[in-house]
Structure formats: structure tokens, C-alpha cells
There are 2 protein chains.
Amino acid sequence: MKVAWAGSRETLELSDRMAKLVANDPVFEKFTRPMLGRKELFKNTLRKAAHGWKLIVDLRLTEEEAKWLRLYIDEPAYTDLHWGMFIPAIEGQGTEEQKKKWLPLAQKMKIIGCYAQTELGHGSNVQGLETTATFDPQADEFVIHSPTLTSSKWWPGGLGKASTHALVYARLIVGGEFHGVHGFIVQLRSLEDHSPLPGITVGDIGLKFGNGAYNTMDNGVLRFDHVRIPRNQMLMRVSQVTKEGKYMQSDVPRQLIYGTMVYVRQTIVVDASKALSRAVCIATRYSAVRRQFGSRNGGPETQVIDYKTQQSRLFPLLASAYAFRFVGEWLKWLYMDVKQRLEANDFSTLPEAHACTAGLKSLTTTATADGIEECRKLCGGHGYLVSSGLPELFAVYIPACTYEGDNVVLLLQVARFIVKTVSELGYKQPVGTTAYMGRVATLMQNNCAVRTAEDWLNPGAIVEAFEARAARMAVACGRQLAKFENPEEGFAELASDLVEASVAHCQLIVVSKFIEKLQQDIPGKGVKQSLEILCYVYALFLLHKHQGDFLAVGYLTPKQALLANDQLRTLYSKVRPNAIALVDSFNYTDHYLGSILGRYDGNVYPKLYEAAWEDPLNDSDVADGFHQYVQPILKQKLHSAKL
Amino acid sequence: MKVAWAGSRETLELSDRMAKLVANDPVFEKFTRPMLGRKELFKNTLRKAAHGWKLIVDLRLTEEEAKWLRLYIDEPAYTDLHWGMFIPAIEGQGTEEQKKKWLPLAQKMKIIGCYAQTELGHGSNVQGLETTATFDPQADEFVIHSPTLTSSKWWPGGLGKASTHALVYARLIVGGEFHGVHGFIVQLRSLEDHSPLPGITVGDIGLKFGNGAYNTMDNGVLRFDHVRIPRNQMLMRVSQVTKEGKYMQSDVPRQLIYGTMVYVRQTIVVDASKALSRAVCIATRYSAVRRQFGSRNGGPETQVIDYKTQQSRLFPLLASAYAFRFVGEWLKWLYMDVKQRLEANDFSTLPEAHACTAGLKSLTTTATADGIEECRKLCGGHGYLVSSGLPELFAVYIPACTYEGDNVVLLLQVARFIVKTVSELGYKQPVGTTAYMGRVATLMQNNCAVRTAEDWLNPGAIVEAFEARAARMAVACGRQLAKFENPEEGFAELASDLVEASVAHCQLIVVSKFIEKLQQDIPGKGVKQSLEILCYVYALFLLHKHQGDFLAVGYLTPKQALLANDQLRTLYSKVRPNAIALVDSFNYTDHYLGSILGRYDGNVYPKLYEAAWEDPLNDSDVADGFHQYVQPILKQKLHSAKL
């Protein structure tokens, strides 16, 4: 199962090697992180980042190894943006000349870059960005300026303190005319003493959710006061400004940027499966350690994992972690496919691939954020302790629901695509994940044939149910929209119904890809059988949770929905004996999990007890402040006390 | 509307006075709280608690005023447990003699007490507590002891550092026989120098979720090594141990403790409406400030509150805040009613009142915890900043889902009561909130009569729909249970279905009480109309969210569910013009809200910008650690750097 989770034996070995490298290195210790003040915390992150980079250089790690290393260091740092956004953006949007100049500097870390797009007043609406880049033909320079308070760059990671350079997105003005938003490489700080350059105001935006969490990152604020940069620092692969002040589009297709979005969102889906699986691993292990009620004749109490209420909340999340893992794997394939097609100037599958990744980003990150918090609750009171690892995991994960496209805004994009697909069915064959809509007539007509609980253990029956639900909801939205004279007004009015239809479509994709995965050869004794059970759990859990949809569109009868629920209960009993093995297969070190409740050896209570004494409040028997603020109360001398 | 929210003009004025007293006192400043290290943070809380107590004494505040004052100080402190648990427990479980001795000490704060029940290994299962209290007749003393690691007291607030005394729950052993769990007053620390007494190990359990949040509280760990206390420090109102070592039950009914639980849970419901309303106030105000997309001809963009997706997430939470407020008000009445009956030895309504408060505690706290996080997401990226106030509000609120009864465990208790009620229908008339089950035959038979969207604007139609759903789900559970030979096995197997039936029952209560409230006279122009709209929003939102239930039990047709959803969209448009007024009616000061996004004056962006510079990371242009850990990278001298 470890191989199935990792994707291949090679990946398993490589990631295992990196995980142990990090876990055994005292520099990467993270237990004390939540206790540090902001400055100390940040300094410690700089140290870890430097040590990590030193390891990468000294051990001559491959790019793949370096990625795993950074993952297991498990601490957001400026390097994430340097490697994950700054460099890829130059690779994607720079000309050959620009790449030749900037990439070697960045790859050797002679400069440190960040990605400065979001502003105080603008996130989702990129076209609304207010920062300006005005071309001055006399000087052959751009003047970068922040005309309003809300135009201040706000949020970019690595910007506040670490970066020397930023890729700044600004509205291009040439000859008094606006030409949309473009990227510019701007130096922010001196390469000598790191002080901000003239005209640049830069700093950190302050504390974020959680104790350590994202506070290791210097998310920054940045303002420009007429800062000048050479013309050749505008990224010019797609559009150019000539020396003479002429704005031109190159013949490089603009669709390329959508290819990048497909890539970034695919990695977010893979990360979702990682984050959710960590939480599930902690909650599952602790549910086997923890006992409560049900003692008979003075014997031990029942392990909480044996309670059906625990199983019905935990096992669907376990199944979701696997489902997201496999849909992420498939998205990797999709990205490669899109990339090859783009290189061959075939843009036909791009809109579908774009909608699909947008939807899956939204679906998986929402489910993961909620799932982590649910896992915390499943650990009872102790889940609220930072040493459980779950509060930090939650706090560090939730931005994924907002960055790279707000999850609701993304679902509305998916809805637009679905509605369009439905409206064009008469003359355009839907492709990829929307292919099922080509069978809409059948899907509208045929209802579910399930007659017993066992009938639900049938991939065909399950896929058809999800297809029918998604298709019927899409068609219903189309019909509702048709009642409006102004389609945009209709779209706005029906937005929340459209979101529900998008969710139905995206859930179908995840269910189908899980089922497709199981049609492949999966080695290892009993591995495929275990995964089949999880696949059914995932699908039937969704079916039960959203039974309102399935019933409302008339595909299921109440009786059939009940049978699905009966089957689901049976499946939980089948997951139970393998539950621990299924989370051990994630192959996470105790260091990476960072949770006393989720310890591999199950030695929870002694370690919780030990850890408590590490809190600074326990440095002395009598707390700081007692003599000033408590003793006067006890001694009834508050009146004369100096507070 | 302010009066309607506050409950009365007197309460409004009183609470307003206390809110302003706190807001205008610099000692109660809370903006810097999340930046403090643990020790500083705790010391600051001690200071606030002392200052608050000084105000209470100096200004001779009434008990009611003192409660509001503590609420608006808005910082968990040891005093919460002293006043909220230690004193009430002595009042409820102590004999007259014990009350006479201990209450004056506690009320003057000559001693500080906490409530030490939960152990490292036992939370929900109180009967499983392991701490022992063994009677020694020779010495006329109890020996309090922690026989195992898991018997360590763990979590009690105020225990770690502040309390001098604890009310310790332990298994009573008299003459070698166990007599269940009882409460004992145990001194923990010297009243002279506050050092722990011999045999006592006491400390703080370490960091919890969030930056400031509950880390201002010294949740503690406590172990006893054969600590001796006089016999008269066992709380003996209900049971006694005589000098001779005889264990006896008094004639005081044990049901009294359920009366206390009704009280405590009622306050939790009221607190839920406060916490949710704070989050909703922040999100609503900021949704009116924030604009995104939809600019036409260069004009301003659309306020995000005008988007239907925003309304469909935000307005149901606004409605929920009001719904919980009114059901909390009703619970106050219920508690008074139960109390009067108990005093008259009438226990007939107690089981129903107990189930009802347990269920409402679960329902409102779960919805509030989820609702706060939803409000955070509704604020986009900026909701992730601590200065938005929402991360702290979430982190400090979520324990409510676990303490005083885990929310799922409570729903199972409700389920037991419902199933019992159904099974006894033949010979026992259901009372109070279960009275509707007396009409089960009709509710099983008659289906919904709604034919247009307008038909849903009918309190009768709505209540009947919720009654029919709850009754039919309860009956279905009963039938399923009957198939099991062993009822306990059936109950365990069907647990998650039983939980769903409980939720249906509890939602019915909230909806009914909201509707009952509207049948009263509510002064103020347009106030009642606004509340009516919110009431419909609350009910139809639930109906849409759980349409699976309504359809599965066959009460609604898909068409009728669709009509409800249509009506819901119309209602959102009616809430929109009043949304700001509806949150202003909570009458919260900016101090209490603690949120830059939720500022009353809407001056969000300049204040966010200002606040950023307060972060310690911005103390210097070049961050601590730069020279050690970043410059060597940039200068390509990492090899010789000392990391």
C-alpha cells in the first residue's frame, strides 16, 4: 500500500530518504516553534532555509530530491515563493534573453525573488490591480508607482523581509493608454546591505492565524514612489513594448498562462491529499489509543475507533485522502497532456482542463480544510492542544481555500463552463471530464436500478448515479437561466445553485478517477481490495451527504438512498481492521506529523504529560505576576495595590 | 432592534454601560495580545483580572453588572472558573454548613478555586475517572490520590497557576468499597507564598490553539500523592460519609445535578449567539466595504455583499445568530421553570428539559464554530490576518464543541430520549418540545401542501414541515432499532443515523421558538418585519441544506423543495437593505469586536496598513538573522558560514 500511495517504488524510496534526512537533523526540530515570538520564529526559519539550501548544494540533491526535502522541512519560508513562483514565472513569461540573464542569478540564489501580484484592495480581480507601470520613452524606462493606498502590494510571501527582487504585476501605461496587467522584475533591496532602495517602502503585514503556522513567512506590504526600471525588465514573451513606445503582442499564444494555472492547481490538489492524510493519520492512530466508556466487568474501555459515530466521521476522510491522492496523480497526467498539446498549438482541450483543475482545486482544498478541523474534533479535548499538531496543521493549511483562486469564485468559473457545455450540446461534442454530458438524454431518462444494498457495490451503478445527478443539475440550471432576459443577471441571481451544480460535477470527477485507478493493475496482497472498499466509502458517503441532490433530480428513490446508507455502515466495519495499516502507508515520520497524539509508537499520554512541563509558564512554581496581581486580591489588599 | 436583541431596554442600557467602561479603559487594551509570549500574555491577564475585580469592588457593581464587565473584558481568565464553576458547585452540592464556611471565602476571593474533573484519560466518561478518595476512619480524613498517569487531572481552567483550591472529582472508596464519583474541596497551594502543598504536583498543560485565544488561561495538570483532607471537605449535600465510615444517600434528589446542567448549557447557548453575532458583524460590515469585480465604465466595483454567493453564505448565519439569541432567551425561561418544579419535587419535565438543552448546546455550538470560520472565509484573504479578529474568535470559541459534553455524545443522548419517547407513545403523553410527537399519526400521513414559493411564507407550513421530518426520522430509527435483538447493539450500529434524527429534532426546536417569539408583541418600527424575514431565512436555509431528509421521508416533493429555494433567494434580497442595521443592533463596541475589518466607521484599509507596521518584524529594515542566514547565500559564501 505504501507504494500505491507514493505512486512508485522509486518515489517511495526517494521521499523516505529525504524524510529521514530531515527528521534526524536537529536544525529542523519544530516542537518549540509555536512558543517562539515572531522575531525569533522568523530568524529560526531563515536558519532552516539556509541549512536546507546548504544540504541541497553539499549533497548535490536533484531538483526532485530538493522538493521533497523542502516539503519535509515543513515550514513555510521565503524560498517557497522563490522556487515555486518567481523562477517559474520568469521561465514562463520571460524572453530567451531575459531567462538567460535572470535565471542563473535566481537559481544560484544570488538574488531572492517573490511574486507581487495581490494588493490591499484586489485579490481575485487581477484586472482591477491599481499599481501602474508607465513607459517613459525618453529614459527607455518604466516608472512603477502605487497611486492609492489600496494599490499597496499586500500578502506576497517572502516580500516583507527576505526578497531582493519582486516580480511586480502592474497596469501597463504606454503613451497614456492602458494595456492591461503585466509582470515587471523590480529590485527592492540593495545587494550590498539589504536596505530598501529609494522609492521603495517594504515591510511585513503582521500576524496571521495560528501559533507558528504561516508566521514563519514574511508576507509583505510594498509601495512604490515612482521607481524606475529599465525597459527590458518587463517580462516580454507574450507582449512587448518597443524602445519607441509601441505596444505589441507576440505570436506566443496567451493560452500558455492557462497551462501554468493547470500546473499550479494540480500541485495544490496533491498538497491537499498530503495535508488531509496527515490529519487523518493523527486522528486514526489516536482513536485506536484513546478509550472511553463501555468497560465491562472492570476491563478496558472501548477504543473510540470502534464507535460507529467515530467511524462515520473518520473513515470518509481517510477515503477522501486516498481519493484526492489519485485524482492528483491523474491531474499530473492531464497537465503533461495539455502541455504537449499546447506545444503542438492544439488548444482544444484547454478550457475543459482549466475548468477541471479549477474545480478540483476548490473541491479538494475545501474538503481538506474542513477535514483537518473534523480530525481535531475527533481527537476530543486533546486535539485543542498545540502538541496534537492539528491546530497548526489547520492554521497553516486554510489559506489554500483562498489563494490561487477563491474556492467559490472558482466554482462559478466551473459553472460557466458547464452551462456553456450544456448549451452547445446540439453541435459540439463535450470532451474529457465533461464527455458524459454527451449522453445527457439517457442520463435524464434512466433512473437508478439498485434493489439491494449489495447492488451498490458496483462501479457502474455508482458512476451512473453521479453522472445523472451532475447532468440533471446542470440541465436544470440551464433551464432556470433561460428564463432571464439578461444572462449575466441570471447568472448572478442563480449563483449559489450554480455552485451546487459545479460541486456535483467535480465530485463525479473524483469518484470516476478513483474507480479508473482501480481498473489498473495494483500490486501487493490485498491492496486493491482495501482501496476498493475506500472507493465505495468515498462514493457512498458523498451520496448520503448529498442525497438531497440525488432525490431532488429524481434519480434515486428514498428506498435506494436508504440502501446506500445501509451499505455504507457495512463498509465502515470492513475499513476498521485495516485502518491503522492504511494510515501507516502514508509513511510519515513522527517529525513530519509533528503530533504527540499521532505518534507511531502510540505512547501518547506519557509524552503529553512530559511536553506540558516544557511550557514557559512552568519555568517557576509561582507564576510571574502573582505577587503583583493575585496576592493583593487574596490578602484583601487590592485597594492599595499598584496594578 | 437593539432592544429586541438585548432582551429589554434595561439590559441594553446596563450592557452598554459596561461595554463602554471596558472599551475606554487602557488596561483592557487587547490589540497587542497575540504578539505576547506565553508568560507576558498570562501576566497581562492576571493584571486585567485584578483590575476588573477592583472595578467591581470600587464601583460596587451588581452581580449582573459584574457578569457583563467580565464578558466585555473578553479574555479567558482563572476568574471565569472561580465564579462560573467553583462557587456554583459549592452552592449546589455543599451542605448548609459547608456553604457557610466556603462561600464567604470564595466570594471575597480570599481563596481562588477551580473545577478539577477532567483527567488525562477521561473526559466524557465521568464515571471512569480514576482519581481516588479513600476514607481513613482513624484520622477522619480522605486520602486523595492519583494512582495512574492517566488519572492526572488535565484541562481544568485556572488550575495551572492561579488557584489556591480545587473542587476535585474522585472515586470514593469507603471500607474498600467504591461508591461512585464525588466532589472534594482540596487546597492546592499555600495561602502564604502560593507554593504547591506537599503531595501536590501542579502546572500548566501548555499551548492551545491560536495566538492569544485560550492561552491567557492556565489550564492545568494536577497529581496527588496521598494528599489528606478532613472528612468535611467532601461535598455532602447529596451523599454523606459518616465519621464511622458509613456511606449514605441523603433525601436530596440526585436530579438536582441535572438542574445545574440545564443552567450551564443554557448559558452556552446564549454565548453561542454572542460569538456567532460577533463574527457575522465583522463579515457583514467588511462585505459592505470590500469591492471586487463588476466595475462599469471605470466606476467603483461591486460591494461583495451584493453577490448572491456571499448573501447565501452570510445571511443564514445572520439569521442563525438571531435564532440562537431567541432560543437562548427561551431556555432561560425553561431553566426557571425546571428550577421551580424541582423545588416542588416535580421531576416530570426534567428528562425532556435535559435532552432539549443538551441538544441545543450541541446544535448551536457546532453551527457557531463552523459559522465563525465561514465568516472568516467570507472576508477573503484578509480574514486570515489576526487583526481581522476572526482567527482569535475561532480559536477561543471551538472548545465549546467539546467541553460540557462532546457535541456528538450529546446528540446520542438526545437520540436515546427521542427513541424512548416514540416507543412510549402508546401510553405516555410527550411533553414540552416533544409534544408534537403526540400527533405522530397525522405527521406520518399528511404531506406538504405548498404549491407556490409564496406558500412558504407561512409559519404553520414551516413548523409542520420540520415536525413531520423530525417525527418521521425518529419513527424510522425506532423501526430500524426494532430489528436488532440486542437494543444496545442496534443503538451502536445505527449511531450516525440517530445523530441525524437528533439534529432534525433540535432544528425544529430552534425554528419553533423563533416563530413563537414573533407571535409576541415586538415594539419598534419595522423590527418585527425584519425578524420575520430572518426567521424565514433561517428555516428555509435549513430546509434547503437538509432537503435530503425532507425528500427521503417523503414529506416534500422535489418541486416543493425547489419552491423553497426560490423563496430563499427572494428573501436574501429582502435582507440586504437591512443587513448593516441588523448587525449594528448587536451594539458591539470596536473594542469588543477586536477587528479592523469590522470597524464601525468602515475605515478598514488605512487601519490595516497602519497596524502592519506594529509587528515586531518591522522594528528594523533588515531582519534579525539576515546577516547570519541570508547574506551568506546571496554572497555565495554558504560553505564557510556558521549556521
In region A:320-354, the residues that are crowded, with 20+ Cβ neighbours inside 10 Å and not aromatic (Phe, Trp, Tyr):
A:Ser320, A:Ala321, A:Ala323, A:Arg325, A:Val327, A:Gly328, A:Leu331, A:Leu334, A:Val338, A:Ala353, A:His354
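Does B:Lys642 satisfy being more than 8 Å from chain A (Cβ to nearest Cβ), within 30 Å of A:Leu59 (Cα to Cα) and either out of contact with any Pro (no Cβ under 8 Å at 6 or more places or on another chain) or assigned to a loop (DSSP other than H, G, I, E, B) (or both)?
Yes: the conditions hold for B:Lys642.
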With the requirement that a residue be touching a His at 6+ places or on another chain (Cβ under 8 Å) and under 14 Å from A:Leu331 (Cα atoms), what does region A:245-262 give you?
A:Met261, A:Val262
Hits in region A:545-556 - residues which are within 8 Å of another protein chain (Cβ to nearest Cβ) and aliphatic (A, V, I, L, M)
A:Leu551, A:Ala552, A:Val553
Have a look at A:Ala492, A:Ala435, A:Ala482 and point out the one that is over 29 Å from the mean Cα position of the chain (by Cα), of a type in the set (A, V, I, L, M, F, W, C), in the same structural domain as A:Lys545 (by TED's automatic domain parsing) and surrounded by fewer than 20 Cβ atoms within 10 Å (Cβ to Cβ).
A:Ala482
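Listed here are the residues, each with its yes/no results for (1) more than 11 Å from chain B (Cβ to nearest Cβ); (2) touching a residue at least 40 places away in the same chain (Cβ under 8 Å).
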{"position": "A:Glu489", "(1), (2)": "no, no"}
{"position": "A:Leu498", "(1), (2)": "no, yes"}
{"position": "A:Ala501", "(1), (2)": "yes, yes"}
{"position": "A:Val511", "(1), (2)": "yes, yes"}
{"position": "A:Gln567", "(1), (2)": "yes, yes"}
Does region B:617-643 hold any residues that are buried (at least 17 other Cβ atoms within 10 Å of the Cβ), farther than 18 Å from A:Trp154 by Cβ and not aliphatic (A, V, I, L, M), and which are they?
B:Asp624, B:Gly625, B:Phe626, B:Tyr629, B:Gln631, B:Pro632
Of a type outside the set (Ser, Thr, Tyr), under 31 Å from the mean Cα position of the chain (by Cα) and crowded, with 17+ Cβ neighbours inside 10 Å: which single residue out of A:Leu563, A:Leu593 fits that description?
A:Leu593
Region B:188-225, subset at pLDDT below 95 and more than 9 Å from chain A (Cβ to nearest Cβ), residue nearest to A:Tyr629 (Cα to Cα)
B:Glu192
Look at B:Asp549 and say whether it is acidic (Asp, Glu), more than 26 Å from the chain's Cα centre (by Cα) and surrounded by 16 or more Cβ atoms within 10 Å (Cβ to Cβ).
yes
Filter result (of a type in the set (D, E, K, R) and crowded, with 17+ Cβ neighbours inside 10 Å) within region A:229-259:
A:Arg231, A:Arg237
Quick check on B:Phe514: is it under 22 Å from the mean Cα position of the chain (by Cα) and in the same structural domain as B:Arg313 (by TED's automatic domain parsing)?
yes
When residues of region B:605-621 are filtered for being in contact with a Lys or Arg (Cβ under 8 Å, 6 or more places away or on another chain) and either at the interface with chain A (Cβ under 7 Å from one of its Cβ atoms) or in contact (Cβ under 8 Å) with a residue 24 or more places away in the chain (or both), how many remain?
3
Out of all the residues in region B:398-418, which are more than 11 Å from chain A (Cβ to nearest Cβ) and buried (at least 24 other Cβ atoms within 10 Å of the Cβ)?
B:Leu410, B:Val414, B:Ile418
Condition met for B:Thr150 (of a type in the set (Ser, Thr, Tyr) and more than 21 Å from B:Val126 (Cα to Cα))
no
Give me the residue from region A:290-317 that is touching an Asp or Glu at 6+ places or on another chain (Cβ under 7 Å), part of a loop (DSSP other than H, G, I, E, B) and of a type outside the set (Ser, Thr, Tyr) and, out of that set, nearest to B:Leu120 (Cα to Cα).
A:Gln292
Within region B:547-559, can one find any residue that is over 29 Å from B:Leu411 (Cα atoms) and part of a helix (DSSP H, G or I)?
yes
With respect to A:Lys339, is the statement that it is in a helix (DSSP H, G or I) and either within 11 Å of chain B (Cβ to nearest Cβ) or out of contact with any Lys or Arg (no Cβ under 9 Å at 6 or more places or on another chain) (or both) true?
yes
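Just to be sure, is A:Lys39 touching a helix residue (DSSP H, G or I) at 6+ places or on another chain (Cβ under 8 Å), basic (Lys, Arg) and away from chain B (no Cβ under 14 Å)?
Working: touching a helix residue (DSSP H, G or I) at 6+ places or on another chain (Cβ under 8 Å): yes; basic (Lys, Arg): yes; away from chain B (no Cβ under 14 Å): no.
Spelling it out, it is not the case that A:Lys39 is touching a helix residue (DSSP H, G or I) at 6+ places or on another chain (Cβ under 8 Å), basic (Lys, Arg) and away from chain B (no Cβ under 14 Å).
Out of A:Thr164, A:Thr148, report the one residue that is of a type in the set (Val, Ile, Thr), under 24 Å from B:Leu617 (Cβ atoms) and within 10 Å of another protein chain (Cβ to nearest Cβ).
A:Thr164
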Taking B:Leu542 as the residue in question, decide whether it is facing chain A (nearest Cβ under 9 Å) and either at pLDDT below 95 or crowded, with 16+ Cβ neighbours inside 10 Å (or both).
no
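The values are calculated or read from the model by the stated rules, or taken from the named source; none is laboratory data. Just so it is clear, the structure is predicted and the values come from calculations on it, not from any experiment. Here Cβ is always computed from backbone atoms with ideal geometry, including for glycine, and neighbour counts include all displayed protein chains.
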